[in-house]
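The values are calculated or read from the model by the stated rules, or taken from the named source; none is laboratory data. Being a predicted model, the structure only gives us computed values, none of them experimental. Cβ placement follows ideal geometry from the backbone for every residue including glycine, while neighbour counts extend to all protein chains displayed.
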Number of protein chains: 2
Amino acid sequence: MTRPAAAVGASVDDIDTPALVIDLDAMQRNLATMAAFAREHKLKLRPHAKMHKSAAIAKLQVAAGAVGVCVQKLSEAEALADAGVSDIYISNEVIAPHKLARLAQLARRITLAVAVDSTLGVDRLAEALKAAGSSVDVFVEIDVGQGRCGVAPAAAGALAHQVVSHGLRFAGLQAYNGRAQHLRGADEREAAVRHTVALVRAAQASITASGMVCPLVTGAGSGTFAFDAATGVYGELQAGSYLFMDRDYADNQTSARAPQFEHALFVKSQVMSRSTSHAVVDAGHKSHAIDSGLPRVWQHELEYSNGGDEHGILRPNATATLAELPRLGDTVWLVPGHCDPTVNLHDHFVVVRGGLASGVVEAIWPIDSRGCLV
Amino acid sequence: MTRPAAAVGASVDDIDTPALVIDLDAMQRNLATMAAFAREHKLKLRPHAKMHKSAAIAKLQVAAGAVGVCVQKLSEAEALADAGVSDIYISNEVIAPHKLARLAQLARRITLAVAVDSTLGVDRLAEALKAAGSSVDVFVEIDVGQGRCGVAPAAAGALAHQVVSHGLRFAGLQAYNGRAQHLRGADEREAAVRHTVALVRAAQASITASGMVCPLVTGAGSGTFAFDAATGVYGELQAGSYLFMDRDYADNQTSARAPQFEHALFVKSQVMSRSTSHAVVDAGHKSHAIDSGLPRVWQHELEYSNGGDEHGILRPNATATLAELPRLGDTVWLVPGHCDPTVNLHDHFVVVRGGLASGVVEAIWPIDSRGCLV
């Protein structure tokens, strides 16, 4: 565990670099905007905590109206439960018997749900829960265009039937289309949601044909939630990135239907080398994930190019001159390309109140489930 | 801090997934091969510990003949020093005064060196060392084709002169060309080294013209070290990746001049979803870095495609059929695309003796400087 890059009460200037910094004012505006959207649309909000991995943030989301959070891994759920989060949905499959035994133990102390997409998975889950004497909500995952996990919609009814035949609670459908989130055009995303919803309806028909009801459809992400909400099919939204708003999501074309969010997550970096043609900052891809592209330089006409694990190279962008280049020792703020794996590189959030220019460190939040892979 | 994915003495089958696993037999062969190469060429070996971030491994390297290790960040040096590594070179610039004050304190307890590439950096370093009453070796970094940090070769003499004018020890030139390491053709890499060496000689001439001698040239990586060694210019090799050998380095065309290395670092993963067309493993890019491309599936005719943060999608490769697809629950071993940032995602190495098929966990090594960014 590394030590935090600043102490509570320090000024922004005194945050060591590179550091992962939350603009708390911006984050709270994003939090309130999404909570209001869910309220207005009478939808449950269960933000994805795979993004922030922080119990402190999960609790703020619940305080603002969220019913709980999602995670992707059992160990994430355990870490957040240990830090006081009491309602967690593992929106992913768990197959290994020793993991299922742990999951069943976790279900004894928090409200827990999990996704399934195989008969083997359901059988093993039922066995583990029986052994522990605990229960969970079970969602049947369907493949709605992601091409990853999930059964075909027509197979949903049979799997749901297997769930209830074991005496487990069938809680609904897991229907998330990750590919749709980053289609740049708003029309493209809306079209992808139409396709998704047709598949969800087919799954619902399969469930009805099996003589059951589908209590809930859960899914949606920060790129499509407004379209998902408008379909009337989703009862619960899982969007997570809205809270921090990374460069990749900001590159999406906006839609009049969706509220807008601000960048609230930054990497503070420092120029540690300077030539006549470029500046080098101390933040490379060990400081921010680049799976969804490079970071954007905040409020400067500079282009960031990849300098490897520990360096980033800055040059004036197409509209700027060399006068724009920062000097040796200057601070440069970066907007990460993808927030989820960026957060996973750090042990703490440095939480700033009052803006990046002259704010004060209000808190250090541990990233409780950082590195929780199993 | 996450808990290790296995206990010492466990069988390979019992390692939880996903987990970062070292094939210790392969690693020790790689260790011995590079140590022998350095001995035969009468070169110092100072492997880059930015790659493994482990004091246990650094000590094995030193025991095999390395003079010490390199790191890129002050906090990496501190973490390794805390874990018992006593000779460390920060092959990178440190500019912030508060960092330099820490660096000067660290120099009181271990043998420490650092790189410089600016007069401001030298002035601040001298001031910090004076305040602490400590000393370090100072390397002048020159830009040898990386286009990142480092002064122009012609400016090396003036900067070295400034170093000694402060009463600091000028230890030589830092001359690493990262770009050259991954040129696929052996001829291309050799040509890049010729270019690098011409720049090193220019820097040496600049130092001689300033009335000084250049005690050492340090640099080289796992892609070029054999060519670097053959030039007669380098006195010290910094290669690090040879020890684990990632997919990206293995994709380089080999050269008769360079000894060969084996893959020794793997991500153990498990199939957690399976359709008729593909299998999904529980290791995505939160388990292995993809900045240098996707992992290779070990010993199976399968292609890994990106399934996001927590998933990988497997399909038969061009020469295989669907019969090659693993079943739900099966183990799949992945060779990461790039070892350095992959290691940085994990808290522990699970160290296996006796091979991946039927070996036993011999040790759990903490990744001491994981996340050490500042």
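A few remarks follow.
- Considering B:Ile110, B:Ile22, the condition of being surrounded by fewer than 22 Cβ atoms within 10 Å (Cβ to Cβ) and either in contact with a Pro (Cβ under 8 Å, 6 or more places away or on another chain) or more than 14 Å from chain A (Cβ to nearest Cβ) (or both) is satisfied by B:Ile110 alone.
- Top-ranked residue in segment B:54-101 [being among the charged types (D, E, K, R) and part of a helix (DSSP H, G or I); ranked as nearest to the other protein chains (Cβ to nearest Cβ)]: B:Lys99
- Of all residues in segment B:271-281, those that are more than 8 Å from every other protein chain (Cβ to nearest Cβ) and in contact with a Ser or Thr (Cβ under 7 Å, 6 or more places away or on another chain) total 1.
- Residue within segment A:207-216 that is within 12 Å of A:Gln146 (Cα to Cα) and assigned to a helix (DSSP H, G or I) present: no
- Within segment A:61-76, the set of residues being without any contact (Cβ under 8 Å) to a residue 60 or more places away in the chain and out of contact with any Leu (no Cβ under 6 Å at 6 or more places or on another chain) comprises A:Val62, A:Ala63, A:Gly65, A:Gly68, A:Val69, A:Gln72.
- Filtering segment A:251-275 to residues that are at pLDDT 95 or above and among the small types (Gly, Ala, Ser) leaves A:Ala264, A:Ser269, A:Ser273, A:Ser275.
- Residues that are among the aliphatic types (A, V, I, L, M) and either touching a residue at least 24 places away in the same chain (Cβ under 8 Å) or closer than 16 Å to A:Glu93 by Cα (or both) within segment B:312-340 comprise B:Ile313, B:Leu314, B:Leu322, B:Leu325, B:Leu328, B:Val332, B:Leu334, B:Val335, listed in sequence order.
- Residue in segment A:31-41 that is outside any loop (DSSP other than H, G, I, E, B), closer than 30 Å to B:His98 by Cα and more than 13 Å from every other protein chain (Cβ to nearest Cβ) present: no
- From the options A:Ala230, A:Ala198, A:Ala250, residue that is surrounded by fewer than 23 Cβ atoms within 10 Å (Cβ to Cβ) and either of a type outside the set (Gly, Ala, Ser) or in contact (Cβ under 8 Å) with a residue 40 or more places away in the chain (or both): A:Ala250
- Within segment A:361-374, the set of residues being away from every other protein chain (no Cβ under 14 Å) and outside any strand (DSSP E or B) is empty.
- For segment A:118-164, a tally of residues being among the polar types (S, T, N, Q) and touching a strand residue (DSSP E or B) at 6+ places or on another chain (Cβ under 9 Å) returns 4.
- Residue that is surrounded by the fewest Cβ atoms within 10 Å (Cβ to Cβ) [pool: residues in segment B:327-345 that are closer than 23 Å to A:Gly307 by Cβ and more than 9 Å from every other protein chain (Cβ to nearest Cβ)]: B:Gly337
- Check on B:Glu93, in contact (Cβ under 8 Å) with a residue 40 or more places away in the chain and of a type in the set (Asp, Glu): yes
- When residues of segment A:308-326 are limited to those that are assigned to a strand (DSSP E or B) and buried (at least 21 other Cβ atoms within 10 Å of the Cβ), the one farthest from the other protein chains (Cβ to nearest Cβ): A:Leu314
- Hey, B:Ser358 surrounded by fewer than 21 Cβ atoms within 10 Å (Cβ to Cβ) and either part of a loop (DSSP other than H, G, I, E, B) or within 14 Å of another protein chain (Cβ to nearest Cβ) (or both) or not: yes
Every residue, every condition in (1) over 26 Å from B:Leu112 (Cα atoms); (2) free of Cβ contacts under 8 Å to residues at least 12 places away in the same chain; (3) touching a strand residue (DSSP E or B) at 6+ places or on another chain (Cβ under 7 Å), yes or no:
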site: B:Thr17; (1), (2), (3): yes, no, yes
site: B:Leu20; (1), (2), (3): yes, no, yes
site: B:Leu24; (1), (2), (3): yes, no, yes
site: B:Met27; (1), (2), (3): yes, no, no
site: B:Asn30; (1), (2), (3): yes, no, no
site: B:Met34; (1), (2), (3): no, no, yes
site: B:Ala38; (1), (2), (3): no, no, yes
site: B:His41; (1), (2), (3): no, no, no
site: B:Leu45; (1), (2), (3): no, no, yes
